Amino acid sequence: MIKESRVTTLKIRKTPALLLLLANTSIAAADWQANVIAHCTQLVHDYAYYRDRFDADGYSNLFTKDGELVFPGNESFKGRETLRNRIHAGSGKEVSHHHMSTIKIFPIDDSHATGVSYLYILQAPASETEGPLTAEKFAAAEYHDRFLRSDDGWKFQRREIKIIFQPAHQ
């Protein structure tokens, strides 16, 4: 009888500790996932910001050193220097607005994630005159991303654009 009572008492004493451990483990899991989602979502927004301002350094530094941007038809830009040059080449020639929405991040672990975000883009030739521009190009697309946490923080490892809608005349 005494042994039964001690076993029961030990089980009761361990139960709150076990519940607390499980609760803390769940909170920790939710915390790292929320952290990954927040950082990767910010990266998606920063991409549009730096791209639309033709900030080649800000833009290229969003990618890993060997990061890759892939367009339809397998046109690819790989590495920070190539990405930086791509932005320099378009500077002053066009105005673009990348509107990002429906950003869904899928954490894999605390250093890797994938994601999908929707894009609506408007582009027009650069103009010296003030006033609204007439968009000559527009498209709705999706970015399919692979994210990596590096020593410098979260970066795009690979970013692939998939066009969903475009005007018939483009």
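The values are calculated or read from the model by the stated rules, or taken from the named source; none is laboratory data. Quick caveat, the model's predicted, so the values are computed rather than measured. Each accessible area value is taken on the protein alone, full model and side chains, heavy atoms only, with ligands, DNA and RNA left out. Shrake-Rupley method; radii C 1.70, N 1.55, O 1.52, S 1.80 Å.
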Discussion item. Which order do you get for Arg146, Arg80 if you rank them by accessible area with a 1.4 Å probe, largest at the top?
Written reply: Arg146, Arg80
Practice prompt. Report in % the part of the accessible area of region 39-158 that belongs to carbon and sulfur, leaving out ligands and nucleic acids; probe 1.4 Å.
Written response: 48
Worksheet item: Can you put Thr134, Thr64 in order of accessible area, largest first, using a 1.4 Å probe?
Response: Thr134, Thr64
Worksheet item: Accessible surface of His169 in the full protein assembly, 1.4 angstrom probe, to the nearest 10 Å²?
Response: 140
Worksheet item: So what are the three principal axis dimensions of region 29-117 from its Cα atoms, in whole Å, longest to shortest?
Response: 46, 25, 25
Discussion item. Given a 1.4 Å probe and heavy atoms of the protein chains only, how would you sort Tyr118, Tyr50, Tyr59, largest accessible area at the top?
Written reply: Tyr118, Tyr50, Tyr59
Worksheet item: Cα centroids of region 86-113 and region 69-83: how far apart, whole angstrom?
Response: 13
